[in-house]
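Reading through the structure tokens given below for one structure.
Laboratory data are not the source of any read-out in this text; all were calculated from the coordinates shown. Because the structure is predicted, anything quoted here is derived from the model rather than measured. Cβ placement follows ideal geometry from the backbone for every residue including glycine, while neighbour counts extend to all protein chains displayed.
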């Protein structure tokens, strides 16, 4: 069994290296980094406010599953980000650095 796992791991690493060499990988990677950073900040704001996903959803007029998707880095509009921040009792601030 361990031989099979080793073969799978080796094949996975080979495939990952091949993908990282593609020109579009850098662009996708940067976009993911931004989405992940936003999701992390939203989750931090919610927990700092001592609110559950259900409570945020109620304040936003949506469902808990939508809040979960937002916190996992789903592609969301600025309006949704503003509504989420407001539901946490905060405001959205965008900064270019």
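Once you have the Cα-Cα distance between residue 49 and residue 95, take 0.36 nm times their residue separation minus that, and quote the gain in nm to one decimal. All intermediate terms of the calculation are to be shown ahead of the outcome.
Working: separation 46, 0.36 × 46 = 16.56 nm, distance 2.21 nm.
My answer for the length gained is 14.4 nm.
State the extension gain, in nm to one decimal, for the chain segment bounded by residue 2 and residue 81, taking 0.36 nm per residue of separation less the distance between their alpha-carbons. Don't jump to the answer; show the numbers that get you there.
Values: separation 79, 0.36 × 79 = 28.44 nm, distance 4.55 nm.
Gain on stretching residue 2 to residue 81: 23.9 nm.
Using the Kirkwood radius built from alpha carbon pairs, what does the Stokes-Einstein equation give as D for the stretch 26-87 at 37 °C and 0.692 mPa s, in µm² per second? List each step's numbers first, then the result.
Details: Rh = 11.7 Å.
It comes out at roughly 281 µm²/s.
Using Cα atoms only, what is the angle between the long axis of helix 2-20 and the major principal axis of the chain, expressed in degrees (0 to 90) to the nearest 10?
Approximately 70 degrees, to the nearest 10.
Which value in deg cm²/dmol, rounded to the nearest 500, describes the helix-derived mean residue ellipticity at 222 nm for the chain, given -39,500 (n - 2.57) per DSSP H run of n ≥ 4 and division by the residue count? Could the numbers behind the result be given before it?
On the way: 5 runs with 71 residues, N = 97.
Roughly -23500 deg cm²/dmol at 222 nm, from the helical runs in the chain.
Do you know the relative contact order of the chain, to the nearest whole percent, from alpha carbon pairs under 8 angstrom that are 6+ apart?
On the way: 53 pairs, mean separation 22.8, N = 97.
Reported as a whole number, the value is 24 percent.
If we restrict to alpha carbons, what Rg and Dmax does the stretch 52-97 come to, in Å?
Spelled out, the Cα radius of gyration and Dmax of the stretch 52-97 are 10.5, 33 Å.
May I ask for the angle, rounded to the nearest 10°, between helix 78-87 and the longest principal axis of the chain, with both axes built from Cα atoms and the value confined to 0 to 90°?
On a 0 to 90 degree scale, this one is about 60.
For residue 16 paired with residue 29, estimate the spin-label separation in nm (one decimal), with each label point 7 Å from Cα along the Cα-to-Cβ line.
About 1.2 nm, to one decimal.
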